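**Q** My questions all concern the structure below.
Since every read-out is calculated from the coordinates, none of them should be taken as a lab result. Every value quoted in this text rests on a predicted model; they were computed, and no experiment measured them. Cβ placement follows ideal geometry from the backbone for every residue including glycine, while neighbour counts extend to all protein chains displayed.
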Amino acid sequence: MLALKNFLNSPVGPKTTHFWGPVANCGFIVAAYLDSEKPPEMISGNMTAAMCIYSALFMRFAWMVKPRNYFLLSFHASNETVQLYQLSRWARAHGYLEKKEPEAQQ
């Protein structure tokens, strides 16, 4: 019970924006994951690139802010991962990334 009370009153607990910011960002991760089943032609390259930059900047913020916010860092790292995957799908569909042909085995 003491651990729960300490978490509730901590500088990164649920009474602060350090907690609810990452929870709100969870929606970006879920949306990008669900969009991975859709055709790559539906992906906006500009918006996906903007989301990649956004998550990269906020990963740095989460690392530099005092107290260090590992919760925010983990959510933005997860978002960066799924957004980069979506960006690679978009780039491949538009011919920016070549599809690698499997090498013939001898």
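**Q** Once Lys and Arg get +1 and Asp and Glu get -1 on their Cβ, which of ASN79, PRO40, PRO22 lies farthest toward the positive end of the dipole of the chain?
**A** PRO22
**Q** Now for a separate question. Tell me what the chain gives for mean residue ellipticity at 222 nm when only DSSP H runs of n ≥ 4 count, each as -39,500 (n - 2.57), the sum divided by the residue total, rounded to 500 deg cm²/dmol.
**A** Values: 4 runs with 70 residues, N = 106.
Here the helix-only value at 222 nm equals -22500 deg cm²/dmol.
**Q** Also, I was wondering about something else. For PHE28, what charge total do you get from the other residues with a beta carbon under 14 Å from its beta carbon, if Lys and Arg give +1 and Asp and Glu give -1?
**A** Here the charged neighbours net out to -2.
**Q** Write out the trypsin sites (Lys or Arg not before Pro) in region 43-106 meeting two conditions: DSSP loop, and at most 14 other Cβ atoms within 10 Å of their Cβ.
**A** Working: sites: ARG60, ARG68, ARG89, ARG92, LYS99, LYS100; in loops: ARG68, LYS99, LYS100.
In loop regions of region 43-106 (DSSP not H, G, I, E or B), the sparsely surrounded trypsin sites (Lys or Arg not before Pro) are ARG68, LYS99, LYS100.
**Q** Taking the Cα centre of the chain as origin, sum charge times position over the Cβ atoms of Lys and Arg (+1) and Asp and Glu (-1), and report the length of that vector in debye to the nearest 20. Present the calculation step by step, with values, prior to reporting the outcome.
**A** On the way: 10 positive and 7 negative charges, 124 e Å.
I would put it at about 600 debye.
**Q** With Rg/Rh (Cα atoms, Kirkwood Rh) defined as stated, name the option among (1) 1.16; (2) 1.02; (3) 0.91 computed from the structure displayed.
**A** It is the one labelled (1).
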